[in-house]
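The values are calculated or read from the model by the stated rules, or taken from the named source; none is laboratory data. What you see is a predicted model; the values in this text were computed from it and never measured. Counting neighbours? That spans all protein chains shown, and the Cβs are built from the backbone with ideal geometry, glycine included.
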Amino acid sequence: MKHNRKVALVTGANKGIGFEISRQLAQREITVVLGARNEDKGMAATFRLKEAGFDVYFQLLDVNDASSIWQAVDGVWKQFGRLDILVNNAGIQVDRNISVLDLSPDMLNLTLQTNVLGPLKPNRY
């Protein structure tokens, strides 16, 4: 498929900063693929931007799951044949009311997996 616009993939795009980045890229006539690990929330965010007239698409994407990352890469490649911009925005803040020193080992591990190791996963496979 011939696609003339630049194509951007934004991870964690269903809310907050990721959603706003997606909106601003789409305003610049860039095709935006909204990546989110929750399908319902990702589809809802995509719908909101489509209603505003933007060229946006949804991609299920969990940065903690290498197979999900590769499925997203494959999906973008098959649909557009390219990726010009990657905004790796996905991240979590598990509990805002607890010091990092008081987090349980499981919560600390989940936070590190998502925020630190998630972006490196494709390079390790």
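Summary of computed values
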| item | result |
| --- | --- |
| The stretch 41-52 residues that are touching a residue at least 12 places away in the same chain (Cβ under 8 Å), paired with ones that are assigned to a helix (DSSP H, G or I) (beta carbon under 7 Å, 6 or more apart) | Ala45/Phe19; Leu49/Ser22; Leu49/Arg23; Leu49/Ala26 |
| Positions within the stretch 20-29 being of a type outside the set (Gly, Ala, Ser) and surrounded by 18 or more Cβ atoms within 10 Å (Cβ to Cβ), in sequence order | Ile21, Arg23, Leu25 |
| Top-ranked residue in the stretch 92-108 [being surrounded by 15 or more Cβ atoms within 10 Å (Cβ to Cβ) and closer than 30 Å to Gln59 by Cα; ranked as modelled with the highest pLDDT] | Met107 |
| Leu9, sole failed condition from (1) farther than 13 Å from Leu60 by Cβ; (2) surrounded by 14 or more Cβ atoms within 10 Å (Cβ to Cβ) | (1) |
| Number of the condition not met by Gln71 [criteria: (1) surrounded by 15 or more Cβ atoms within 10 Å (Cβ to Cβ); (2) in contact (Cβ under 8 Å) with a residue 12 or more places away in the chain] | (2) |
| Set Val56, Val33, Val73: member being of a type in the set (Val, Ile, Thr) and at pLDDT below 95 | Val73 |
| Count of residues meeting criterion [surrounded by fewer than 16 Cβ atoms within 10 Å (Cβ to Cβ) and β-branched (Val, Ile, Thr)] in the stretch 74-91 | 1 |
| Residue match in the stretch 16-38 (condition: part of a helix (DSSP H, G or I), β-branched (Val, Ile, Thr) and without any contact (Cβ under 8 Å) to a residue 24 or more places away in the chain) | no |
| Among (1) surrounded by fewer than 22 Cβ atoms within 10 Å (Cβ to Cβ); (2) at pLDDT 95 or above; (3) of a type outside the set (Ser, Thr, Tyr); (4) within 12 Å of the chain's Cα centre (by Cα) - the single one Ile17 does not satisfy | (2) |
| Check on Val32, farther than 20 Å from Leu112 by Cα, β-branched (Val, Ile, Thr), surrounded by fewer than 21 Cβ atoms within 10 Å (Cβ to Cβ) and within 15 Å of the chain's Cα centre (by Cα) | no |
| The stretch 52-91, residues that are assigned to a loop (DSSP other than H, G, I, E, B) and under 14 Å from Thr31 (Cα atoms) | Ala52, Gly53, Phe54, Asp55, Gly81, Arg82, Leu83, Asp84 |
